[in-house]
Amino acid sequence: MGAMTNSTYEDSLSETLPVNTSSSTEKAAAELPETQPLNSSLNENGGRDPAMDLSPDSLADTLASPASDKAPGPDSQKQTSGLSTRWRIVIGLVIFLLIGLLSGLSGYWSGIDIRTEAAVTQVAASLQEQYNLGLQDIETGSWDRARQRFEYIIRQKPAFPGAADQLALVLLNLNTTATPTRALLPTVTPTPDTRGIDERFQQSEQYLLNGDWTNTIDSLLLLRKDDPTYRAVQMDGMLFLALRNRGMDKIGKLADLEGGIYDLALAERFGPLDNEAQSYLSWARIYLTGASFWEVNWEEAVNYFSQIAPQLPYLTDGSGMTAIERYRRALIGLGIYRLDSDPCSAKEPLELALSFAADEEAANALDLANRQCEGGRNSDDESGDEQPAGEPTLIPTVEIPPTVEVPPTEAPPPTETPESGNP
């Protein structure tokens, strides 16, 4: 009994003794990678990191811990899969935007290249045309024009084939072509008139009688140059007449208004002008003043030519337009100018212009002015404050006197009837 009790006690005591895990610990240590550094078990403070403790006891505890603590749960797996899907969508969108951006840039640059190529092609065609024209100029001997063409080609494209060679050829011909040198003409000195001064004066008088105003002026000026004191008063009178008549001829016959004004101004230095010459001088100045406003200010042009047309309707300048024609055209221009601002005021000048001569442009402008003016009046009547409706009420008050002018009651015909009845 006692022996039995002892054996039972020893068995129970052996069950409570710690299990020898040295063998399992050694196996786990053997399975660790050999490349693990020995100092990896130290923490940042220089102490030993419990998590990296490779002692047999710690390894045993690690191996003995349940595996379920490290396995991820289903919730964590769903969260991870959701995040990965979102990132895939974001990355896909970014890639799609990058592809679209790259496609747009490639299209833009391709368009720029196409335009550049088209411009280069156009310039090349133009330069080729100039080159061909330059060759034609060489054939016709137009060396200066050919030089300009080839210089233009080289400025635009220095490497244009053949342009430099052709330019060298042109310059060579220009330099070797004999240029005529202008020979100095001998100064023409008038042959001295050896005649007597009286005879020359008589010749000037004959020029004046014949109406040769220019020779009269020239001969008298030569006489005065030779002898300034010879018949000074008589020569002044002759110069006055010649300048006056030549100035009037230039204005009235030769359509040289500026020259006529100059001659009449010179004549005024020798004496006052008569009324006719003064009128010619004034009309010529007014004509030139009105012409200065031509197509610039129609109102001023009409103002000036309306003064000349009744007096000198056929006064003409170098353009060949008479004063009356300028007046008519200025009226048309003024009427057309007023169409935009005041069509009713455009009617008067257009009607006046048509009174001189028929003109299709003036007739069309007048028709347009009438339509616009009538349309404007109708719109004004419609948009007014019905003032015309008030006028008829005033008319009866004005026409009331006819009721007062009925004085038959004042005449006493009844009194006459009794007198006629007495006999």
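Values quoted throughout were computed directly from the atomic coordinates according to the rules given, and no laboratory measurement underlies them. No experiment lies behind these values; they were computed from the predicted model shown. Glycine also receives a Cβ, built like all others from the backbone with ideal geometry; neighbour counts cover every protein chain displayed.
Pull out a ≥ b ≥ c, the square roots of the eigenvalues of the alpha-carbon gyration tensor of segment 83-175, then state rounded if a/c is under 1.5, prolate if not and a/b is larger than b/c, and oblate in the remaining case.
In terms of gyration-tensor shape, prolate.
Extending each Cα 7 Å along its Cβ direction at residue 215 and residue 279, get the distance between those two points in nm, one decimal.
Here the modelled spin labels are 3.1 nm apart.
How much length is gained on full extension from residue 156 to residue 142, taking 0.36 nm per residue of separation minus their Cα-Cα distance?
2.9 nm
For segment 269-355, run through the chymotrypsin sites (Phe, Trp or Tyr not before Pro) and keep only the ones in DSSP coil with at most 12 other Cβ atoms within 10 Å of their Cβ.
In loop regions of segment 269-355 (DSSP not H, G, I, E or B), the sparsely surrounded chymotrypsin sites (Phe, Trp or Tyr not before Pro) are 314.
Would you mind working out the magnitude of the charge dipole of segment 280-356 relative to its Cα centre, with +1 at each Lys and Arg C-beta and -1 at each Asp and Glu C-beta, to the nearest 20 Debye?
That gives a dipole near 200 debye.
Cut-off is 10 Å between beta-carbons; in what order do 244, 285, 147, 86 appear when sorted fewest neighbours first?
Final ranking by Cβ density, sparse to dense: 86, 285, 147, 244.
Can you pull the one-decimal nm distance between simple spin-label points at residue 289 and residue 164, each 7 Å off the Cα toward Cβ?
Placing both labels 7 Å beyond Cα along the Cβ direction yields 6.6 nm.
Amide H to amide H, which residues 5 or more places from residue 359 or on other chains are under 5 Å from it, using H placed in the peptide plane?
Long-range HN contacts for residue 359: none found.
So for 165, 137, 249, fewest C-beta neighbours within 10 Å to most, what's the order?
With the sparsest Cβ surroundings first, the list reads 165, 249, 137.
Obtain the nm distance between the two label points defined at residue 232 and residue 97 by a simple spin-label model: each point lies 7 Å from its Cα along the Cα-to-C-beta direction.
10.5
What ranking do 225, 347, 250 get, fewest neighbouring Cβ atoms within 10 angstrom at the top?
225, 347, 250
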